[in-house]
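The values are calculated or read from the model by the stated rules, or taken from the named source; none is laboratory data. What you see is a predicted model; the values in this text were computed from it and never measured. Don't worry about glycine lacking a Cβ; one is built from the backbone with ideal geometry, like all the others, and counts go over all protein chains shown. Just so you know, the surface numbers come from the protein's heavy atoms only, side chains and all, with ligands and any DNA or RNA stripped out. Shrake-Rupley method; radii C 1.70, N 1.55, O 1.52, S 1.80 Å.
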Amino acid sequence: MSNNFEKIAVLGAGVMGAQIAGHFANAGITALLFDINQELAQKGVDGLTKQKPAPLYKPKNAELVSACNYDDHVEKLKDVDLVIEAVAERLDIKHAVYNNIVPHLKESVILTSNTSGIPLEDLTKVLSDNLKKRFMITHFFNPPRYMHLLELVKGPNTDNSVYDEIARLGEDVLGKGIVHAKDTPNFIGNRIGVYGMAVTMNTAIEHGLTVEEVDKLTGTVVGRPKSATFRTADVVGLDTMINVSNTSYNNLDDDEERDQFKIPDFLQKLVDDGNLGAKTKAGFYKKTDDGILSLDLKTGEYGPQKKVRFDGFRLAKDRQSPGEKIKAMAYSDDKGGKFFWEVLSKSLIYSANRIPEISDDIINIDNAMKWGFGWDMGPFEVWDAIGVSESVLKMEADEKKVPKWVKEMLASGHSNFYQMKDGQLNYFDIKSSSMKIQKRNEKAINLNIHKTGGNVIKKDWSASLIDLGDGVLNVQFHSVLQPTLNPIDGSLAQTISDGVDLLDAGKYKAMVVGHQGPNFCAGANLASMIQVCEASEYDKLEKAVKQIQDLTQRIRFSKAPIIAAPHHLALGGGFELIGPAAHRVAAGELYVGLVEVGVGLIPGAGGNLRMILNLMENSGSGRMNSFQVAQKAFETIGFAKVATSGEEAKFLGYLLKTDTIILNNDHRIWMAKQKALELINNGYEPPTYRDDLKLPGSGGRTAMAMAIKGFKAQGKLSAHDEFIAKKLAFVLTGGDKAGLTKSVDEQYVLDIEREAFVSLAGERLSQDRIKFMLKKGKPLRN
């Protein structure tokens, strides 16, 4: 079966239904958003441009979503290829909706439900045998734009081709990570995730820990989201958490841990009192004029948060990888460590006991937790990290019942659930009691697995060169000291340079600069830079900046195409690395910007030149004049505007209109490689060096200076802001050489940019901004 899904319908215009429709619009697919009356449907559409975080990549995408009601527009359903039901979680309501719409559906339509708790068998009772073949569950996680997970569930009558078609739609078009779940209450993600939250809360009471202590121990330090446990519950909504917990408790009579899902008294009281979490500004935490208070789990009263200190936390924080951090915490003997071990060991055992009940393999469980709950590692990956044999001995010493299949795995000589070798991921398969090779979509290149196939050309502290095959080289960033942000340092720059050397030598035909860490690159290494500044080694700084500028020009004029593949954060120097590439394949979730003014600087590694060139190219036939180019660049760089999606990056000029945006981040490296091969096959030629850049010169600066003066008078700029802005204006208007009748070349723009950057780095107020950013993680206004 083949379906192009040109138009879809979503039934139910609540927050979830509207955002599902909105994400289809992000993928360029027209959506009809239905509700019982036009007012509710329109409210759902209108919310797409108002909600935070933004459900849409750009507000214009809302034009692809049409508000509809059943009385006036049900006939429109005859044109849709897919209908997703997202109405209230009551079987009678869902059946009434199905009975209403089914007569208006075309023969080939696929019908799915976004239910999270109602069995598929119950949902299909009012459907014909023919429609049962084209019915399944598509469980999106909230918010749909940002959560990678899509759980799919098929029934005994679901046609395999229908299931496969929806899986392809979810993965290739909507950018989702597909998890194959079974028709059990709460499927995989919520079953394991809510159990983990429930056992954490219950154990906190048993061990006498406070709300803030628990969140300190169960957050980023152990590879979980910053919101940890109680703050996550507040964000999700305590009423929602109770509903999901009740689904498990009421429908899982045989679950050995069923009592963990009982709603604790303190949680029920919060909901009864109307304290539902973030949406009511009070839950486990309460926003007040005096700051954020936390709940005392024993008394139910709010009070100031107390400082949290644990030896185990300190040990974990000092480790590098998430796995090492979790292991340090789990085996710590202090109060925090004992609490964490109790929660972790119970969660691991619970996850293992769910096979084959909710999944036939460990991979779907691990992926569900990573993609749906933001864990860095899934339960079985964590178990490997802390040592399966060692942890099982500790569990048994605690008189915990370790699943039989786990002990049998160890007895058979397999000490891990996973093994990466020969470019493949092997996992322990419970059915066959043996290691099996994971079947992977060819588009989902995993660089860490790929490297085990002997494909590493060079490995350095912060980056590696990897052979992707077909004559394509890859530069993978993996900063040892800051793996989350991957700042530019000597190791990273040298590795890129070495890659360009291989291209110049004809040993490779193209190169992809991209990786799969948390963020592409958050800019320069400010800590190293401030050391140079404090030592007044400005010649050294000038030389380092010149080297990065020269590297970006080597990237730009490489005879072999270099493709940049940015994702998530690409700030400051991160943009300056992708700007000169032959093409960019960017994740839909791209947060890119030149933000140097926040630390008292301007872009120094070619960012000004790239922005000028991008704006000129993006203007197309309706070309902007030289002042308009300089003005827009000034507004974007001067106000440190950050694009919050790949689409917005094109609008601001951080990407070219011709660049590729891909919704599935797992496919980004593969797509970048395909683009490189395409450029090679089309006879790629590097761009021509620009010695004809028209910039407005002193006349343009005069206009900008007036605007700057006005902002200063309004109190929007400090005296130092004004000083920085004038330096920026000087560069963007072409310095002393540009003007109405004069052109400048690329190198001149780079030279005056570099001079301005180094001079600003020597300013005490700029250095104060850099130090403040390093210490506080936010800009200083001085």
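Remarks
- Qualifying trypsin sites (Lys or Arg not before Pro) in the range 442-507, DSSP loop, other Cβ atoms within 10 Å at most 15: 507
- Ellipsoid semi-axes in whole angstrom, largest first, where each is sqrt(5λ) of the Cα gyration tensor of the range 40-109: 25, 15, 11
- Percent of C-alpha pairs per 10 Å bin, the range 326-383, short to long: 23, 49, 24, 4
- Lysine pairs in the range 247-320 with Cα atoms under 21 Å, if 8 or more residues apart or on separate chains: 19
- Globularity index of the range 343-418, i.e. its alpha-carbon radius of gyration over 2.2 N^0.38 Å: 1.04
- Taking only alpha carbon atoms, the range 658-722 gives an Rg to Rh ratio of 1.30, where Rh is the Kirkwood radius.
- Reported value for the chain: 181 Å³ per residue, from the convex hull of its C-alpha atoms.
- Tail fraction, Cα-Cα pairs, the range 497-603, threshold 17 Å, whole percent: 58 percent
- Geometric extent, Cα atoms of the range 139-231 - Rg, Dmax (angstrom): 17.0, 53
- Highest average packing first - 599-610, 672-683, Cβ atoms within 10 Å: 599-610, 672-683
- With 10 Å bins beginning at zero, the pair-distance distribution over Cα atoms of the range 721-782 amounts to 20, 41, 25, 12, 2 %.
- With N counted as the residues of the range 292-447, its alpha-carbon radius of gyration over 2.2 N^0.38 Å works out to 1.20.
- The range 396-498: GluC sites (Glu not before Pro) in DSSP loop, at most 12 other beta carbons within 10 Å: 399, 442
- Shown in residue order for the range 143-153 are the 3J(HN,Hα) couplings computed by the Karplus curve 6.51 cos²θ - 1.76 cosθ + 1.60 at θ = phi - 60°: x, x, 5, 9, 7, 6, 6, 9, 8, 10, 9 Hz (x for Gly and Pro).
- Accessible-area value, residue 627, 1.4 Å probe, nucleic acids and ligands omitted, Å²: 60 Å²
- Computed over the Cα atoms of the range 254-349, pair by distinct pair, the Kirkwood hydrodynamic radius stands at 16.0 angstrom.
- When the range 1-141 is reduced to its Cα atoms, the Kirkwood hydrodynamic radius in Å: 15.0 Å
- The H on the amide N of residue 277, modeled in the peptide plane, is under 5 Å from the matching H of 238, 282, 283, each at least 5 residues off or on a different chain.
- Packing, as the average of other Cβ atoms within 10 Å across residues, places the peptides 521-533, 295-307 in the order 521-533, 295-307, highest first.
- Annotation: per residue accessible area for the chain equals 43 Å², rounded to a whole number [probe 1.4 Å, protein chains only].
- Applying a DSSP loop filter and a limit of 14 other Cβ atoms within 10 Å to the GluC sites (Glu not before Pro) in the range 149-257 leaves 256.
- Pairs exceeding a 22 Å alpha-carbon distance, out of 60/370; 458/650; 726/776; 176/509; 338/400; 216/370: 60/370; 458/650; 726/776; 176/509.
- For the chain, share of DSSP beta bridges that run antiparallel, in % to the nearest 5: 45 percent
- Per-residue extension of 0.36 nm, minus the Cα-Cα distance of residue 504 and residue 296, leaves a gain of 68.4 nm for this segment.
- For residue 458, the amide hydrogen comes within under 5 Å of the amide hydrogens of 465, counting only partners 5 or more places away or on other chains and with H modelled in the peptide plane.
- Phi-derived couplings, Karplus 6.51 cos²θ - 1.76 cosθ + 1.60 at θ = phi - 60°, listed residue by residue for the range 726-733: 5, 4, 4, 4, 4, 5, 5, 8 Hz, with x used for Gly and Pro.
- Distance cut-off 18 Å, percentage of C-alpha pairs in the range 383-496 lying past it: 64 percent
- Alpha-carbon radius of gyration plus Dmax, which is the widest Cα pair, for the range 3-50 in Å: 10.2, 32
- Of the solvent-accessible surface of the chain, computed with a 1.4 Å probe over protein heavy atoms with every protein chain present, carbon and sulfur atoms account for 50 percent.
- Gyration tensor (alpha-carbon) shape descriptor, the range 166-289, a/c threshold 1.5: prolate
- Karplus-based coupling profile of the range 609-617, in residue order and whole Hz: 4, 4, 5, 4, 5, 4, 5, 4, 5, with θ = phi - 60° in 6.51 cos²θ - 1.76 cosθ + 1.60 and x standing for Gly or Pro.
- Computed over the chain: relative contact order in percent, which uses C-alpha pairs under 8 Å that are six or more apart: 8 percent
- The solvent-accessible area of residue 760, taken with every protein chain present and a 1.4 Å probe, is close to 0 Å².
- Estimated translational diffusion coefficient (Stokes-Einstein, Kirkwood radius over Cα pairs, 4 °C, 1.567 mPa s) of the range 69-163: 94 µm² per second.
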